[in-house]
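Here's the structure, in structure tokens; my notes come after.
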Amino acid sequence: IGAMLKNKGTLLFAFRNNTSEAISHIDWTATARSGGSIVGSGSSQGTAPSQVQPGEVGLSYIYFDNAKSIPDNAEYEFRVKTVSADPTPYNTAPFKVTEANLVGDAIVGGATNGTSASATGPFSVSIYCFEADKLDDHISAFADQQGPIAPGGTVSFSTKLYGDSCATFAVGVSGWFE
């Protein structure tokens, strides 16, 4: 579990797919408890990558409406719901990030549709920032293209940091299979 960003209402975390199948539509919920009482409840807003192979690690966050009221010593209980990773319509379409650079006050780059099916947008861009080995921040944006993007096609993105520090980062890009 990474940082609770109370100003953004998000709790950052990493997870591993310990199943024998690739998973998609990875929807997390979490309950925050303090002193045995529930003090918050929230849900995820996507993962990076959007499809996670067996043994791979993904990144996500839980959005809490009342994050500022959750005590620092809270304990979290997580639950997850997934579907099989395949190119069926409306399933998540993971793109391969081919380039991501810190340029001034933005992270800019591109991604390729490395799947066997056409994908459409909006194409989500998820940037997870690290401070040493700890999850420190998350920034969400969208690629500039809408799609459809054929297999082998590309999208690009430019995501402003608005003064936040993000010298070490991981980026995920995804859309939807048509």
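The values are calculated or read from the model by the stated rules, or taken from the named source; none is laboratory data. Bear in mind the structure is a predicted one, so any value in this text is a computation, not a measurement. When we count neighbours, we look across all protein chains shown, and the Cβ atoms used for this are built from the backbone with ideal geometry, even at glycine. Calculation scope for accessible area: heavy atoms of the full protein, side chains included, ligands and nucleic acids excluded. Shrake-Rupley method; radii C 1.70, N 1.55, O 1.52, S 1.80 Å.
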Along the charge dipole of the chain, which of Tyr61, Val80, Thr19 sits closest to the positive end, that is, farthest toward it, with unit charges on the beta carbon of Lys, Arg, Asp and Glu (+1, +1, -1, -1)?
Val80
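Write out the chymotrypsin sites (Phe, Trp or Tyr not before Pro) in the range 1-109 meeting two conditions: DSSP loop, and at most 13 other Cβ atoms within 10 Å of their Cβ. Numbers along the way, then the final one.
Working: sites: Phe13, Phe15, Trp28, Tyr61, Tyr63, Phe64, Tyr76, Phe78, Tyr90, Phe95; in loops: Tyr90.
Counting only loop positions with at most 13 other Cβ atoms within 10 Å, the chymotrypsin sites (Phe, Trp or Tyr not before Pro) in the range 1-109 are Tyr90.
Give me the extension gain from Ser84 to Val103: residue separation times 0.36 nm, minus the current Cα-Cα distance, reported in nm with one decimal. Write down the numbers at each step before the final one.
On the way: separation 19, 0.36 × 19 = 6.84 nm, distance 3.66 nm.
Stretched fully, the Ser84-Val103 segment lengthens by 3.2 nm.
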Tell me, how many Å apart are the Cα centres for the range 3-76 and for the range 103-140?
18
Sequence-distant lysines (8 or more away, or on other chains) whose Cα lies within less than 19 Å of Lys68:
Lys6, Lys8
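Report, to the nearest whole %, how much of the accessible area of the chain belongs to carbon and sulfur atoms, 1.4 Å probe, protein only. If you can, show how the numbers build up before the last one.
Working: 4520 of 9160 Å².
Roughly 49 percent of what the probe reaches on the chain is carbon or sulfur.
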